[in-house]
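Engineer: So that we are looking at the same thing, I have put the structure below in structure tokens.
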Amino acid sequence: MAMAALRREGRRFAPLISPRPITAVRSSPLYPTLEDEGPLGLRHISTQVVRNRMKSVKNIQKITKAMKMVAASKLRAIQTKTENSRGLWQPFTALLGDLPSADVKKNVVVTISSDKGLCGGINSTSVKISKGLHKLNSGPEKETKYVILGEKAKAQLVRDSKKDIELIITELQKNPLNYTQVSVLADEILKNVEYDALRIVFNKFQSVVSFVPTVSTVLSPEIVEREAESGGKLGDLDSYEVEGGETKGEILQNLAEFQFSCTMFNAVLENACSEQGARMSAMDSSSRNAGDMLDRLTLTYNRTRQASITTELIEIISGASALEG
Amino acid sequence: MLRRASMLLARRPILAARARPFSTDLPAAPSADATFTEAWTKVIPNMDPPKTPLSFMQPRPPTPSSIPSKLTVNFVLPYASELATKEVDMVIVPATTGQMGVLPGHVATIAELKPGVLSVHEGSEVTKYFVSSGFVFIHANSFADIIAVEAVPLDRLDVNLVQKGLAEFTSKLSSATTDLEKAEAQIGIDVHSALNSALTG
């Protein structure tokens, strides 16, 4: 009978105090509270759900921290290569200038992107710029084709521009990047795609937190001749004597191909650097978010735990005082 | 002495600017960029236009009225810049038409390179490299850009390996069937015989 009275008293007080623990947990509305019945009809609010969530968030934090370290080390390795290759395209631009606004019939946009994800927004920016270039160069008798390097751009461009894609190349970074590989690639592109102007879209690496979308234009020898004749930027190209070869055209052809492979090499390296840098910052913000989430969950966990202890104590004390008085 | 000091002071900010250009130091965007930027903003108003290589490069000095005393050489390879704006007296490049000597005031030229020895003459010292192939641009303002695919200093070459390679490619040429194989073997022979003459001559 005393037990029944205890149970009754406990149950009478419990609803008065339980609203507090329930609202405390309800601040994170995603998980339900689990109440289980202990001996003497005491109710404990379970912290199991919160604990599981904390464990998974902590694991995520560890993984993203590790990914950041890996990206940092890969970045260090490839950054020296990139900075050394920066001298490679400058002589071509000094000689031939840069004419992104040249009016040509056959445009080819070479989009360089990464194979793996979790690298922030750099691939989306490259794809947006490629689509922008497509729009810019659309008109009667003009066509723009895509050559895609990397899985991420392929996924985005295949969705709506499938008929404009000429060539897709993936798994570029399986072996460390070197000039031979890129020149073979450039050769493939030049063999299979008819072009008047090649526009290479990539993210130039300025610093670990800043990546600038850039477009490098390589014009075919016929267009170079046309622009040189019409004067303007390339007007003084004719003043250059061309040594060797049967005709000037042959040398210009070799020059255009060499220019393409050199700019491609630099572009691929810069994009790889940007990818690693973007991944570093994405993983860094991710681990910071996970840390914040873990802090909030810890507070919730502690509140739930303390509330359940308080509930237990109150039930016991009220039961004891009921017995005495 | 004062002139040398002022020259050094003038040169150093250019080097610093090349290392990390501030936005104030960048040249004003030339007209080709402006037409591109305008066309872009008309068609795609929501996005910033992408940058072009011209905005990342130092502009070259214009052609001076008198012939400068030194030739400024940029010798670049895919994985390194061997010489960057180095002032030298003369370079001898292995063009397809033969060894070509380049002095300050040389007429503007575009030349393709064949495998051979490139020598850089600065005062009394001569540095020799074996280049595989590439291009050389000589500008009217006495700037020379040499772009090579591969270049090694001559003391890194091994005579025995060169002889072996030459013999190998000669046998490949005699046993080649398709035009492609013949062309590849011929290229191998050209490079190795150039290596040979570089080491012996």
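Only the coordinates and a few stated rules stand behind these numbers; no lab work does. Just so it is clear, the model here is predicted, and its values are computed rather than measured. All Cβ positions, even for glycine, are placed from backbone atoms using ideal geometry, and neighbour counts span all protein chains on display.
Engineer: Which shape class applies to the range B:128-169: rounded if a/c is under 1.5, otherwise prolate when a/b exceeds b/c and oblate if not, where a ≥ b ≥ c are the square roots of the Cα gyration tensor eigenvalues?
Structural biologist: Working: a/c = 4.90, a/b = 2.62, b/c = 1.87.
Prolate shape, in that a/c is at least 1.5 and a/b is the bigger ratio.
Engineer: Any idea what the alpha-carbon Rg over 2.2 N^0.38 Å comes to for the range B:68-154? Don't skip to the end; give the middle numbers.
Structural biologist: Numbers: Rg = 11.4 Å, N = 87, 2.2 N^0.38 = 12.0 Å.
Here the answer is 0.95, to two decimals.
Engineer: Further question: Are any of the pairs A:135/B:51; A:135/A:204; A:135/A:248; A:62/A:154 more than 27 Å apart by Cα-Cα distance, and if so, which?
Structural biologist: Values: A:135/B:51 17 Å; A:135/A:204 22 Å; A:135/A:248 34 Å; A:62/A:154 31 Å.
Cα-Cα > 27 Å for A:135/A:248; A:62/A:154; rest within.
Engineer: Could you work out the relative contact order of the range B:64-201, using alpha carbon pairs under 8 angstrom and six or more residues apart, expressed as a whole percent? Numbers along the way, then the final one.
Structural biologist: Details: 275 pairs, mean separation 28.8, N = 138.
Relative CO of the range B:64-201 lands at 21 percent.
Engineer: Return the ratio Rg/(2.2 N^0.38 Å) for the range B:102-143, where Rg is computed over Cα atoms only.
Structural biologist: On the way: Rg = 11.4 Å, N = 42, 2.2 N^0.38 = 9.1 Å.
In units of the globular-protein estimate, the range B:102-143 measures up at 1.25.
Engineer: With only alpha-carbon atoms counted, please give the Rg and Dmax of the range B:157-198, in Å.
Structural biologist: When restricted to Cα atoms, the range B:157-198 yields Rg and Dmax of 10.3, 31 Å.
Engineer: Moving on to the next point. Give the residue list of trypsin sites (Lys or Arg not before Pro) in the range A:102-161 that are DSSP loop and have at most 12 other beta-carbon atoms within 10 angstrom. Could the numbers behind the result be given before it?
Structural biologist: Numbers: sites: A:105, A:106, A:116, A:128, A:131, A:135, A:142, A:145, A:152, A:154, A:159; in loops: A:105, A:116.
Sparse-neighbourhood loop trypsin sites (Lys or Arg not before Pro): A:116.
Engineer: Quick one: what Rg and Dmax do you get for the range A:159-272 from the alpha carbons, in Å?
Structural biologist: 16.4, 49
Engineer: Same structure, new question: Among A:106/A:131; A:191/B:182; A:55/A:152; A:152/A:191, which pairs are too far apart, with a Cα-Cα distance over 27 Å?
Structural biologist: On the way: A:106/A:131 15 Å; A:191/B:182 20 Å; A:55/A:152 31 Å; A:152/A:191 24 Å.
Violating the 27 Å limit, Cα to Cα: A:55/A:152.
Engineer: Around residue A:204, what is the net charge, scoring Lys/Arg as +1 and Asp/Glu as -1 over all other residues with Cβ under 10 Å from its Cβ?
Structural biologist: Numbers: positive: A:86, B:51; negative: A:270.
Taking every other residue near residue A:204 into account, the sum is +1.
Engineer: A follow-up question, please. Are there trypsin sites (Lys or Arg not before Pro) in the range A:168-268 that DSSP puts in a loop and that have at most 10 other Cβ atoms within 10 Å, and which ones?
Structural biologist: Values: sites: A:174, A:191, A:199, A:204, A:226, A:233, A:248; in loops: A:174.
Taking the range A:168-268 and a limit of 10 other Cβ atoms within 10 Å, the loop trypsin sites (Lys or Arg not before Pro) found are A:174.
Engineer: Can you spot the lysines whose alpha carbon is less than 18 Å from residue B:86's alpha carbon? Ignore those fewer than 8 places along the same chain.
Structural biologist: Straight-distance partners of residue B:86: B:70, B:128.
Engineer: Give a quick list of GluC sites (Glu not before Pro) in the range A:130-206 that DSSP marks as loop, anything other than H, G, I, E or B, with at most 14 other Cβ atoms within 10 Å.
Structural biologist: Working: sites: A:141, A:143, A:151, A:166, A:171, A:188, A:194; in loops: A:141, A:171, A:194.
Here the GluC sites (Glu not before Pro) that fit, given the DSSP loop and packing criteria, are A:141, A:171, A:194.
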